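Below is one structure, written out as structure tokens; the observations come after it.
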Amino acid sequence: MHSLISTSPISPSFEPYTSLTALPSSPAPFSFRFCGLRREVLQLSQPKYRVVSGLSKKTGNYVTAASPGSNGSPPKSFDYDLIIIGAGVGGHGAALHAVEKGLKTAIIEGDVIGGTCVNRGCVPSKALLAVSGRMRELQDDHHMKALGIQVSGAGYNRQAVADHASNLASKIRNNLTNSLTALGVDILTGFGSILGPQKVKFGKDNMITAKDIIIATGSVPFVPKGIEVDGKTVVTSDHALKLEFVPEWIAIVGSGYIGLEFSDVYTALGSEVTFIEALDQLMPGFDPEISKLAQRVLINPRKIDYHTGVFATKITPAKNGKPVMIELIDAKTKEPKETLEVDAALIATGRAPFTKGLGLENINVETQRGFVPVDERMRVIDAKGNLVPHLYCIGDANGKLMLAHAASAQGISVVEQVSGKDHVLNHLSIPAACFTHPEISMVGLTEPQAKEKAKKEKFKISVAKTSFKANTKALAENQGEGLAKLIYRADTGEILGVHILGMHAADLIHEASNAMALGTRIQDLKYAVHAHPTLSEVLDELFKSAQVNVDERKPVAV
């Protein structure tokens, strides 16, 4: 659903969050998380911008923009300081930061502003999940009675729910567009491609130049071979977010973030769900302990069954009165298993980079499984292993970490570099979230990953845990089901990973991710003060329970 839910096929620190559900001969899928935007609206004081619409005096190209005096002047030899190909969350974040740095900036978009995240991913999915959360609570008689509330006959209007998702996407898309034009970023309409060093083509015959170029073209749903998508009964997340109907029985191929979130939506709206997972367990990308708890909380109590260790080799849409047909084979032996007949099927096998037609051959760049190869500074690498001067690639198109907010962070990092300040983004400190009810969040390494790293680098790891059942705010909400887990080095106090399942886990994770990004050690976090009673005390108790074997910082009296 980045811009939906994600993985890092290049960075060794992350495993795919959505596993393979097609035959090994198919290209590897790339998972995709529902993620938050860096910013929605830029609050501006009295307008100091002159809106212009028409032919650019510099290039002769049609643009729609606003001209603030602070947006810098293009260098004499280039039309722009920076051109960004792709106006998704990553491109948008890069553009805003470029303006802050005084760079004359243009952004090229061949579809709509906001990319996948805003239009077909993070944003509309959150609207559907908001509905599913409320429906789930209202339908839980035991929970409501425990709070002293009497509710009867909770229902929903499918079209109104779908309209809520669509309207939210439109609102955020307009907000992003307005923030770009208000700051004087030229929005160029048309498909963008590289013509040569520092040269870009967009639309039919428009050519512009820039000192630096960022590729931010995102990704599309990955559909394995043998699966026929008709957009009605066999759908990807792009189609499912429109909620054109709620099937009685739907199969979800893939049990990663996309599949898990949609299972939350569909079961809350009355559907029965069957997961089809290629690996031997559901949710293979999560920390194993969190995955086990998630199955107990999010899968077992609901109308969900599952088939693990199987591939869906062929899926045929419903037609002529016949249901959707799904042929399964054993993932290891390749022997036929069974054929499922369902009302609909959602293909949640991840995301694939959208990099075709970018003109990369003009600068001798070869993609790797569709991804644009980059170094740790997002600089594009050509077929000979050399850096391509002044060319960068961010977000899903480079495959480092397929998250909307990761794309934005990479874009900001690149702008820092082209502005003369070196910057390397720490991808291990970037959090991820799954917006089920309750939510799941994570940052850093899982316990198996941490053990592997410890073995390789010859140190020991320690683990601390705390339960939501010990938190006053969670108990007041009658939502004490949950766990927070800390993986760390006792000898240094370094945080290696944090994993949370529980109420508002997606919000709570940022204390841990920011600590990792800033290099804050556990011995310092122990002195942090949290308001009482709040859910943030789950993290407070977690850090305080960690046993570090280093001198703790002495508190400073003020």
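Residues in region 329-368 that are out of contact with any Ser or Thr (no Cβ under 8 Å at 6 or more places or on another chain) and among the β-branched types (Val, Ile, Thr): THR333, THR339, ILE363, VAL365.
Across region 250-297, the qualifying residues are those that are of a type in the set (Asp, Glu) and closer than 27 Å to ALA450 by Cα, and the one among them that is surrounded by the fewest Cβ atoms within 10 Å (Cβ to Cβ) is ASP280. The single residue among THR492, THR466 that is touching a Leu at 6+ places or on another chain (Cβ under 7 Å), among the hydroxyl-bearing types (Ser, Thr, Tyr), open to solvent by 10 Å² or more (accessible area, probe 1.4 Å) and closer than 24 Å to ASP524 by Cβ turns out to be THR466. Among all positions in region 500-507, there is at least one residue which is open to solvent by 10 Å² or more (accessible area, probe 1.4 Å), on the phi > 0 side of the Ramachandran plot and either assigned to a loop (DSSP other than H, G, I, E, B) or of a type in the set (A, V, I, L, M) (or both). The single condition among (1) in contact with a Phe, Trp or Tyr (Cβ under 9 Å, 6 or more places away or on another chain); (2) farther than 21 Å from GLY411 by Cβ that GLY218 does not satisfy is (2).
Right, GLU327: closer than 16 Å to PRO224 by Cβ and open to solvent by 10 Å² or more (accessible area, probe 1.4 Å) or not?
The answer is yes for GLU327.
Cβ-Cβ contacts under 8 Å between residues 6 or more apart (or on different chains), taken from a first residue in region 331-349 that is more than 20 Å from TYR257 (Cβ to Cβ) and polar (S, T, N, Q) to a second residue that is open to solvent by 10 Å² or more (accessible area, probe 1.4 Å) and in a strand (DSSP E or B), are listed as THR339/MET325; THR339/GLU327.
Looking only at region 153-181, residues that are hydrophobic (A, V, I, L, M, F, W, C), assigned to a helix (DSSP H, G or I) and open to solvent by 20 Å² or more (accessible area, probe 1.4 Å) come to 2 in all. Every residue in region 437-458 that is touching a helix residue (DSSP H, G or I) at 6+ places or on another chain (Cβ under 9 Å) and within 18 Å of VAL498 (Cβ to Cβ), please. Across region 437-458, the qualifying residues are PRO438, GLU439, ILE440, SER441, MET442, VAL443, GLY444, LEU445, THR446, GLU447, PRO448. Within region 441-453, does at least one residue satisfy the condition of being of a type in the set (A, V, I, L, M, F, W, C), outside any loop (DSSP other than H, G, I, E, B) and open to solvent by 40 Å² or more (accessible area, probe 1.4 Å)? No, that holds for no residue.
Restricting region 234-246 to residues that are buried (at least 22 other Cβ atoms within 10 Å of the Cβ) and part of a loop (DSSP other than H, G, I, E, B) leaves a set whose member that is farthest from the chain's Cα centre (by Cα) is LEU243.
Looking only at region 202-222, residues that are closer than 14 Å to PRO389 by Cβ and either touching a Lys or Arg at 6+ places or on another chain (Cβ under 9 Å) or open to solvent by 30 Å² or more (accessible area, probe 1.4 Å) (or both) come to 4 in all.
Under the condition of being among the charged types (D, E, K, R) and assigned to a helix (DSSP H, G or I), the residues counted in region 81-137 number 6.
A search for C-beta distances below 9 Å between a residue of region 93-105 that is farther than 18 Å from ILE208 by Cα and at pLDDT below 95 and any residue that is of a type in the set (Asp, Glu) and buried (at least 24 other Cβ atoms within 10 Å of the Cβ), counting only pairs 6+ apart in sequence or on different chains, returns nothing.
When residues in region 466-508 are screened for being of a type in the set (D, E, K, R) and within 18 Å of ASP140 (Cβ to Cβ), 3 of them pass. Figure legend. Inter-residue proximity from region 455-471: first residues modelled with pLDDT of 95 or more, second residues β-branched (Val, Ile, Thr), beta-carbon distance below 7 Å, spacing 6+ or different chains. Indicated pairs: ILE461/ILE487; VAL463/ILE487; THR466/VAL538; PHE468/VAL538; ASN471/VAL538.
The values are calculated or read from the model by the stated rules, or taken from the named source; none is laboratory data. Just so we're clear, the structure is a prediction, and the values are computed from it rather than from any experiment. Neighbour counts are summed over all protein chains in view; Cβ atoms, including those assigned to glycine, are modelled from backbone coordinates with ideal geometry. We work out accessible area using only protein heavy atoms, side chains counted, and drop any ligands, DNA or RNA first. Shrake-Rupley method; radii C 1.70, N 1.55, O 1.52, S 1.80 Å.
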